[in-house]
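The values are calculated or read from the model by the stated rules, or taken from the named source; none is laboratory data. Please read all numbers here as calculations on a predicted model, not as lab measurements. Cβ: placed from backbone, ideal geometry, glycine included. Neighbour counts: every protein chain shown. These accessible areas exclude ligands, DNA and RNA; they are computed on the full protein's heavy atoms, side chains included. Shrake-Rupley method; radii C 1.70, N 1.55, O 1.52, S 1.80 Å.
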Amino acid sequence: MRYQELSYWLSSVDEPLTPRPGLAGDTDADVVIVGAGYTGLWTAYYLAEADPALRIVVLEKEIAGYGASGRNGGWCSALFPTSLPALARRHGRDRALAMQRAMQETVREVGRVVAAEGIDCDWRAGGTVVLARTDAQLSRARAAVAEAREHGLADEDLVLLDAAEAADRCHAEGVRGGTYTPHCAAVHPAKLVRGLARAVERRGVRIVERTPVTALRPGAAVTPAGVVRAPVVVRATEGFTPALPGQRRAVAPVYSLMVATEPLPASTWAQIGLGERETFSDYRHVIIYGQRTADGRLAFGGRGAPYHFGSRVRPGYDREPRVFAALRRVLGEIFPVLGPEVPVSHTWGGPLGVARDWAASVGLDRSTGLAWAGGYVGDGVGTSNLAGRTLADLIRGADSELTALPWVNHRSPRWEPEPLRWLAVNAGLKVMFSADEAEARTGRPSRRAAAFSRLLGH
Ligand SMILES: Cc1cc2nc3c(=O)[nH]c(=O)nc-3n(C[C@H](O)[C@H](O)[C@H](O)COP(=O)(O)OP(=O)(O)OC[C@H]3O[C@@H](n4cnc5c(N)ncnc54)[C@H](O)[C@@H]3O)c2cc1C
């Protein structure tokens, strides 16, 4: 497989992506981790840091960063898939706020490790600007700030921008206002995951690549090349989880797709802004996200690719020409300075993991030694670091502020069997798309989309 072709990011790392040696026979370990994305690697990192004597093996079916960690939008944000009001309803206001503060701290923690380990990943903590370009979007921006205040966040966390302030950060067409949060860094995601893999190896962790795990059971991860026996087995497979035996309905793999432009000239950047490399989005329903890369491109993505029957994940699903064309069109609408033919050089995508109740979770079943983390939807760059630190505490039996957070040991319900799952996920996407179209026409907020969000418990 040509791993460089999986994303613009993997094509632009300064290394050849040669797989590490695979497993050669049975072996024993203290902890075996399945999946060498951020989740698996952060878990290995903090475990090895806390106890250098631990024998830790990471099993990866392809190479470190093959999954979403090598392909994402590069927002290392404090976003958490369950909204603050929904967390407050389920766990109370104080625990919801503690979760949000832990996420904010996580952005700083990733920045700290990146610096301490010398991971050269174009890290820039420039925050996020979310634009409002219609009346309906403006009302959602206002509501987001009001909601944040109500739940204990301040102007330093999320501030409403008027049209001039928003345009000052990001000069998008028709901008009416927006919000700004400082709690986000733009990052080159593949350089982060690859650098992290090297950092864990320096701490004595063994990463085994091109070694698919075919079964997980208490005390063992089974592969065609041998069994790794360990009292603790960590599942860190996110969007690929449904392919594991017994896990088909654990998360739904939903695809997010991206495009990257050619490097843009300084004159274009002078018109667009994003001078702090702020990550950017807008208040439409179907999520879009972008960043100004360190080499002067716009990397821009969105949801909207179909969910595939039976939670199937296939390389071909990463490429959906209709979605790439839509992303290009939307990018051109937001930044007309890019001209009628937005100069796109790369297109790619990948699966992320959505739990049935939209709630990310991390946990360890002490009776079996089976641990897991995931269900981050599109917010795993930061959240996986919090998961890794939390798993390290859980596995070492250390009670901490992290192990008391509300997402710890949360069990999401399973998704419905097919064809219900397929119908529900794709119907949801349709509602959000048509809501955006209607809002663009009328400027009025869509009641159907709001009702659908409430149904999901957002
Ligand atoms: C296009 C896109 C854009 C995104 N943008 C953002 C963003 O800007 N910000 C953000 O916070 N989040 C974003 N996300 C989500 C984020 O990338 C993920 O939540 C995060 O990378 C998940 O990390 P992970 O380690 O849990 O999973 P992954 O990175 O998917 O890693 C799982 C690993 O497990 C391996 N694996 C799976 N099954 C097996 C098996 N049976 N045996 C051995 N190995 C196995 C896979 O090969 C893979 O390497 C985006 C996702 C996508 C796809």
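Name the residues in region 132-149 that are farther than 19 Å from residue 379 by Cα and in contact (Cβ under 8 Å) with a residue 60 or more places away in the chain, would you? Full working, then the answer.
Start the filter on region 132-149 by keeping residues that are farther than 19 Å from residue 379 by Cα, which leaves 132-143, 145-147, 149.
If the condition is that a residue be farther than 19 Å from residue 379 by Cα and in contact (Cβ under 8 Å) with a residue 60 or more places away in the chain, then 132, 133, 134, 135, 136, 137, 138, 139, 140, 141, 147 are the ones that fit.
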Every residue from region 364-397 that is more than 9 Å from the ligand (Cβ to nearest atom) and in contact with a Cys (Cβ under 9 Å, 6 or more places away or on another chain): 385
Enumeration of residues in region 404-444 that are closer than 14 Å to residue 304 by Cβ and touching a strand residue (DSSP E or B) at 6+ places or on another chain (Cβ under 8 Å): 425
Breaking point among (1) assigned to a strand (DSSP E or B); (2) open to solvent by less than 50 Å² (accessible area, probe 1.4 Å); (3) modelled with pLDDT of 95 or more, for residue 346: (2)
Single unsatisfied condition, residue 80 versus (1) in a loop (DSSP other than H, G, I, E, B); (2) free of Cβ contacts under 8 Å to residues at least 60 places away in the same chain; (3) within 20 Å of the chain's Cα centre (by Cα): (2)
Strands (runs of 3 or more DSSP E) fully within region 114-197 counting 3 or more residues that are buried (at least 19 other Cβ atoms within 10 Å of the Cβ): 128-132, 177-181, 184-186
Where residue 81 falls short, out of the listed (1) open to solvent by less than 10 Å² (accessible area, probe 1.4 Å); (2) within 11 Å of the ligand (Cβ to nearest atom): (1)
Only one of 231, 212, 218 that is in contact with a Ser or Thr (Cβ under 9 Å, 6 or more places away or on another chain), over 26 Å from residue 156 (Cα atoms) and away from the ligand (no atom under 16 Å from the Cβ): 218
Residue that is most open to solvent (accessible area, probe 1.4 Å) [pool: residues in region 217-276 that are part of a helix (DSSP H, G or I) and not hydrophobic (A, V, I, L, M, F, W, C)]: 271
Single residue of region 144-192 satisfying the filter (under 24 Å from the mean Cα position of the chain (by Cα) and of a type in the set (Gly, Ala, Ser)) that is farthest from residue 267 (Cα to Cα): 148
